[in-house]
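Okay, structure first, notes after.
The values are calculated or read from the model by the stated rules, or taken from the named source; none is laboratory data. All values derive from a computational prediction rather than experimental measurement. Cβ placement follows ideal geometry from the backbone for every residue including glycine, while neighbour counts extend to all protein chains displayed.
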Amino acid sequence: MDNLKTKRAGLKRRQRRVRGKVSGTPVRPRLRVTRSNSQIYAQVIDDRAGVTLCSASSLDPEFKKSDMRGSNVEGAALVGQLVGKRAIETGITEIVFDRGGHIYHGRVKALADGARSAGLKF
């Protein structure tokens with residue numbers, strides 16, 4: 001139980017450190033990645049207005065139609081493509097990437113590459 005508290009405290013500390021350096025504006029909103037063991041989520045956020053402009057996750061009906069899972073790299077890449085496509089539809093072309101305290105590797109990197117392949121620049 002003590003190890004779990006330590007891991008969560010470390011994640012929160014890394015999230016605060018990243019958020020101290022990364023902020024979304026109306027011109028370049030922030031692409032926030034959140035992941036759990038079984039799902040992955042992405043939001044495009046304007047921090048100045050405090051609103052989520054668009055989002056995608058492995059729980060979306062569009063994602064569920066493809067027989068992928070959110071717990072692997074291929075599923076994360078598809079979520080990245082979905083959020084990229086939705087951001088382009090709302091008129092967003094450039095973003096700032098917020099990895100959410102996680103290492104830029106595996107599912108987080110696959111989501112970023114998927115968003116880039118959809119046309120987002122960061």
| request: Determine if the range 25-37 includes at least one residue that is outside any loop (DSSP other than H, G, I, E, B), out of contact with any Ser or Thr (no Cβ under 6 Å at 6 or more places or on another chain), free of Cβ contacts under 8 Å to residues at least 60 places away in the same chain and not basic (Lys, Arg). | output: no
| request: State yes or no: is GLU94 touching a Pro at 6+ places or on another chain (Cβ under 9 Å) and not β-branched (Val, Ile, Thr)? | output: yes
| said: Could you go through the range 40-50 and let me know if any residue there is in contact (Cβ under 8 Å) with a residue 60 or more places away in the chain, assigned to a strand (DSSP E or B) and surrounded by fewer than 16 Cβ atoms within 10 Å (Cβ to Cβ). | reply: no
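Hey, among GLY106, GLY80, which residue is of a type in the set (Gly, Ala, Ser), modelled with pLDDT of 95 or more and surrounded by fewer than 18 Cβ atoms within 10 Å (Cβ to Cβ)?
Result: GLY106 is the single residue among GLY106, GLY80 that is of a type in the set (Gly, Ala, Ser), modelled with pLDDT of 95 or more and surrounded by fewer than 18 Cβ atoms within 10 Å (Cβ to Cβ).
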| request: Report yes if some residue within the range 21-30 is more than 13 Å from the chain's Cα centre (by Cα), of a type outside the set (Ser, Thr, Tyr) and at pLDDT 95 or above; otherwise report no. | output: yes
